[in-house]
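Notes follow the structure.
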Amino acid sequence: MQSIVSYPDRGKWGNNKYKGNCTGYLIKDLLNEYKPKFFVEVFAGGGTGFEVARSLGYQNSIHLDLNGKFGESFNILTDEIPSGSDFVFSHPPYHTMHTYSGEMWGSEAHPDDLSRCSSYEEFIYKMNICNSKIYNSLLNGGRHAMLIGDMKLKGKYYSMIKDLAWYGDIDSHIIKEQHNFRSQNKNYNGKFIPIVHEHLLVFKKNSIWSIPVQRTMTVIKNLQDSTLATWRDLVQAALQTCNGKAKLADIYNILRDTNKAKRNPNFEAKVRQILQLNKEFTSVERGVWMLAAA
């Protein structure tokens, strides 16, 4: 395997009508790469991983899914993952991109179906529980390979690999090209770059007792209080506050309480200097400035 993979043909394995199904060639390559002694698949879906494992001679692999296709229904949020595995592959739902219980299988929606989470935040919270349980079930030295995608919903981009907590030490990050995705032939209003990739993250368990957890933290800072903001940044923000055009007096009033203005007794002169020296700003009449881009 390499850090970028592409499989135009999904292969003969599993149910090709099962939405969101993963190509069997990826699972085959992973099994040939790591050669696990005990393979566990979570979110087994349409049976691709099961059929790939059997075609490679795995008789003791376990394939778990809420739909009960492989025996009893397995609820990863409440049930215990079989322990003693040195390799787990998971391909979870991508939030609400495809809905499974009550549509792909079963007559009713299941309350713990991750594709039916009421919000993206709920999905991430429950996925972190799943990934924690997968990591804990591994033998020391074992790996968890998780295939996950990005998505755009109502104009907002969601990067799941950024928002999910990472359990274990990152061993590999592989980019998988998507083929025959539903947005490929769809027309969109406005600008939208189609998402044609997925992420395969491989985590390794390198300690029996310690659990390395990495989380991305979003910190909202105020430009007015920033020590890194330049005067040009502040003047630009002030003009944008006024829809791109403002009187000097209004710019002064907006910037008066900023961190930089409080430390500069001559800040009004500094504002005038910035307006005159930067091509981003244009004088439209005496004492009135606008953003050149406006």
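The values are calculated or read from the model by the stated rules, or taken from the named source; none is laboratory data. Quick caveat: nothing in here was measured; it's all calculated off a predicted structure. Counting neighbours? That spans all protein chains shown, and the Cβs are built from the backbone with ideal geometry, glycine included. Accessible surface is based on the protein model in full, side chains and every heavy atom, while ligands, DNA and RNA are left aside. Shrake-Rupley method; radii C 1.70, N 1.55, O 1.52, S 1.80 Å.
Evaluated with a Cβ-only charge set (Lys, Arg +1; Asp, Glu -1), the range 123-271 carries a dipole of roughly 280 debye about its Cα centre, given to the nearest 20. Other residues lying with their Cβ under 15 Å from the Cβ of VAL202 contribute a combined charge of -2, Lys and Arg counting +1, Asp and Glu -1. Report for the range 19-159 the percent antiparallel among DSSP-assigned beta bridges with both residues inside it, nearest 5. Here the share of antiparallel DSSP bridges comes out near 25 percent. Neighbours of GLY106 by Cβ distance under 15 Å: Lys/Arg scored +1, Asp/Glu scored -1, total -3.
Fully extending the segment from LYS17 to LYS191 would add 59.6 nm, taking 0.36 nm per residue of separation and subtracting the current Cα-Cα distance.
Using all Cα-Cα distances in the chain, what percent lands in each 5 angstrom bin from 0 up to the longest? Once binned at 5 Å, the Cα pair distances of the chain give 1, 5, 10, 13, 13, 12, 8, 6, 6, 6, 6, 6, 5, 3, 1, 0, 0.
Within the accessible surface of the chain, defined with a 1.4 Å probe on protein heavy atoms only, the carbon and sulfur portion equals 48 percent.
Taking GLU103, GLU198, GLU280 as the candidate residues, the one with maximal mean-square fluctuation in a Gaussian network model of the chain, Cα springs under 10 Å, is GLU280.
With the charge dipole of the range 63-193 set up from +1 on Lys and Arg Cβ and -1 on Asp and Glu Cβ about the Cα centre, the Cα lying farthest toward the positive end among the listed residues LEU153, ASN67, TYR94 is that of LEU153.
Among the listed pairs LYS126/LYS154; LYS28/LYS205; LYS126/LYS152; LYS12/LYS152, those with a Cα-Cα distance over 26 Å are LYS12/LYS152. Dipole magnitude for the chain: computed about the Cα centre from +1 point charges on Lys and Arg Cβ and -1 point charges on Asp and Glu Cβ, it is near 1240 debye. At a probe radius of 1.4 angstrom, the accessible area of the chain per residue rounds to 56 square angstrom.
A Gaussian network model of the chain, with springs between Cα atoms under 10 Å, assigns the largest mean-square fluctuation among ILE148, ILE220, ILE76 to ILE220. Counting 0.36 nm for each residue step from SER207 to LYS154 and taking away their Cα separation leaves a gain of 15.0 nm. Over all other residues within a Cβ to Cβ distance under 15 Å of PRO36, the charged ones net out to +2, with Lys and Arg as +1 and Asp and Glu as -1.
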